[in-house]
Amino acid sequence: GAVVSQHPSRVICKSGTSVKIECRSLDFQATTMFWYRQFPKQSLMLMATSNEGSKATYEQGVEKDKFLINHASLTLSTLTVTSAHPEDSSFYICSASGEQANSPLHFGNGTRLTVT
Amino acid sequence: LAKTTQPISMDSYEGQEVNITCSHNNIATNDYITWYQQFPSQGPRFIIQGYKTKVTNEVASLFIPADRKSSTLSLPRVSLSDTAVYYCLVGPNTGGFKTIFGAGTRLFVKA
């Protein structure tokens, strides 16, 4: 089946630094990728939708200047958490959708970000 | 986007059949129903998708009544490894349509 690879799986960074998370679709072209964050014991919260070659669409309340999303190719989207703070510590998950109608989303395995 | 309602949690024992029902009263004509499974510290994993009546695959069955306002995920003979959160999602699912997750159902399977 379709595979989405997310890297890194875990990252620890210091306050004020930036962290980049990569999301790759390995065996299909992802016209659209989604980024979620998930706090412990909670559901996934959609942060933004990114389409290849265009600007990402952010959900209400998500700071676009803090969470930079780039979808430069049909197989790669990146999320950069800029000037990270401890409250940004969370589990970040990407998903990708192919071009086929009614194809389910394929998710990466998530990135655990800890900001110290 | 159709809102979904699921039980917050369910308990079961190994070997039993588990049925998780999801309500989606505002489902649109072109919406599909998709279920995902999530283990701690992992991304959700696709289980099954359907539009109407019944769909079955190697891991689950999905029952959808004629009015499509609800759906039931059926897991036959669960094992301890089926302990996870199960999410019911409703939407067109046509390449690019954003997916909003509800609270999901936490299933605990006991020995």
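The values are calculated or read from the model by the stated rules, or taken from the named source; none is laboratory data. Every value quoted in this text rests on a predicted model; they were computed, and no experiment measured them. Positions of Cβ are generated from backbone atoms using ideal geometry, with glycine treated the same way; all protein chains shown enter the neighbour counts. The accessibility values were calculated without ligands, DNA or RNA, using every heavy atom of the protein model including side chains. Shrake-Rupley method; radii C 1.70, N 1.55, O 1.52, S 1.80 Å.
Things worth noting here:
- Selection of the stretch B:46-76 for residues being among the basic types (K, R) and modelled with pLDDT of 95 or more yields B:K54, B:R68, B:K69.
- Count of residues meeting criterion [open to solvent by 40 Å² or more (accessible area, probe 1.4 Å) and in contact with a strand residue (DSSP E or B) (Cβ under 7 Å, 6 or more places away or on another chain)] in the stretch A:25-52: 5
- Test: residue in the stretch B:40-50 that is open to solvent by 80 Å² or more (accessible area, probe 1.4 Å) and assigned to a strand (DSSP E or B): yes
- Considering residues of the stretch B:16-33 that are part of a loop (DSSP other than H, G, I, E, B) and within 14 Å of chain A (Cβ to nearest Cβ) only, the residue modelled with the lowest pLDDT: B:N30
- Between B:T4, B:T29, the distinction of being over 15 Å from B:L75 (Cα atoms), hydroxyl-bearing (S, T, Y) and either over 13 Å from the mean Cα position of the chain (by Cα) or open to solvent by 60 Å² or more (accessible area, probe 1.4 Å) (or both) belongs to B:T29 only.
- Within the stretch A:92-116, the residues that satisfy the criterion of being within 7 Å of another protein chain (Cβ to nearest Cβ) and either open to solvent by less than 10 Å² (accessible area, probe 1.4 Å) or of a type in the set (V, I, T) (or both) are A:I93, A:S97, A:G98, A:L105, A:G108, A:G110.
- None of A:T78, A:T57 is in contact with a strand residue (DSSP E or B) (Cβ under 6 Å, 6 or more places away or on another chain), open to solvent by 70 Å² or more (accessible area, probe 1.4 Å) and under 20 Å from B:K98 (Cα atoms) except A:T57.
- Residue count for the stretch B:51-74 under the criterion of being within 23 Å of A:A2 (Cα to Cα) and open to solvent by less than 30 Å² (accessible area, probe 1.4 Å): the result is 4.
- Taking the stretch B:10-44 as the range and being out of contact with any Phe, Trp or Tyr (no Cβ under 6 Å at 6 or more places or on another chain) and among the charged types (D, E, K, R) as the test, the residues that pass are B:E14, B:E17, B:D31.
- In the stretch B:60-111, counting only strands (runs of 3 or more DSSP E) that sit wholly within it, the ones holding 1 or more residues that are under 15 Å from B:S9 (Cα atoms) span B:70-75, B:84-91, B:105-110.
Residues checked against (1) within 14 Å of chain A (Cβ to nearest Cβ); (2) at positive phi; (3) free of Cβ contacts under 8 Å to residues at least 60 places away in the same chain:
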residue	(1), (2), (3)
B:E58	yes, no, yes
B:I64	no, no, yes
B:D67	no, no, yes
B:T72	no, no, yes
B:R77	no, yes, no
B:T83	no, no, yes
B:I100	yes, no, no
B:A103	yes, no, no
B:F108	yes, no, no
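- Selection count where residues are away from chain B (no Cβ under 14 Å) and surrounded by 15 or more Cβ atoms within 10 Å (Cβ to Cβ), scope the stretch A:81-91: 4
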